[in-house]
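Working notes, structure below.
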Amino acid sequence: MKHFILVCSLFFSLNTFAATWAEDFENLKSVPRSYEDSGAICEEIARLDVQKSYPAPQYEVITGISYSDEQRRVIGELDVIVFDKNMNKVIRIAEVKCWKDIRAGLEKAMEQRQRFLKAIRSSKGLIFRSTSSDVTYSKEQFEGVSDFITLGQKGTVQAGYGQELEYTLLELHQHRYDMIACQHKGLCVKP
């Protein structure tokens, strides 16, 4: 009986996982993103995950906004950004790190957060631009944001991350290859 329960539990877990990736895969097929960078799959899955808590039409969840000084020198990049469309303001920023060295990833995310806070508190002008389009944003849209989270692969919360994805690092690597293969076959949108 114990073995039967264990087998049923394992089967249910695998089916839940397969359904989750199948759903995420369908959602990502129409996103024009290059997955050559290994962090891209993590950011896109993080975006999908964050959208569950911040649904449209009130919120817009996007990936990849760089910020530069007035001479257009890039200072940093934000991974997942939540805009409240009613307020026309950013209300949450997630730094996404799916790294083998979990602690180093968390350290890097905290450094990036401090760099952003220093830049936004400065009296100097900043230019915010999408890394995938020509869309620009104002500094005022980012001022006052205080909700920052760190997000990583499964198992990172116990290391200090604020939130984790449903996938292990190995699974994320496989999903990245799935997306690259899909784009090569012409079944998924290319950037």
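What residue, among those in region 146-191 that are within 28 Å of I91 (Cβ to Cβ), among the acidic types (D, E) and in contact (Cβ under 8 Å) with a residue 24 or more places away in the chain, is most open to solvent (accessible area, probe 1.4 Å)? So the residue we want is E166. Please find, among D37, D49, the residue that is under 15 Å from the mean Cα position of the chain (by Cα) and free of Cβ contacts under 8 Å to residues at least 12 places away in the same chain. The conditions single out D37.
Yes/no per residue for (1) open to solvent by less than 80 Å² (accessible area, probe 1.4 Å); (2) closer than 23 Å to Q183 by Cα; (3) not in a loop (DSSP other than H, G, I, E, B):
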site: I41; (1), (2), (3): yes, yes, yes
site: L48; (1), (2), (3): yes, yes, yes
site: G64; (1), (2), (3): yes, yes, yes
site: Y67; (1), (2), (3): yes, no, yes
site: E70; (1), (2), (3): no, no, no
site: I81; (1), (2), (3): yes, no, yes
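For region 90-142: of the residues being without any contact (Cβ under 8 Å) to a residue 24 or more places away in the chain and assigned to a loop (DSSP other than H, G, I, E, B), which is farthest from L169 (Cα to Cα)? Only one residue fits best here, namely S123.
The values are calculated or read from the model by the stated rules, or taken from the named source; none is laboratory data. Values in this document were obtained by computation on a predicted structure and should not be read as measured data. We place every Cβ from the backbone using ideal geometry, glycine too, and count neighbours over all the protein chains shown. Accessible surface areas use protein heavy atoms only, side chains included; no ligands, DNA or RNA. Shrake-Rupley method; radii C 1.70, N 1.55, O 1.52, S 1.80 Å.
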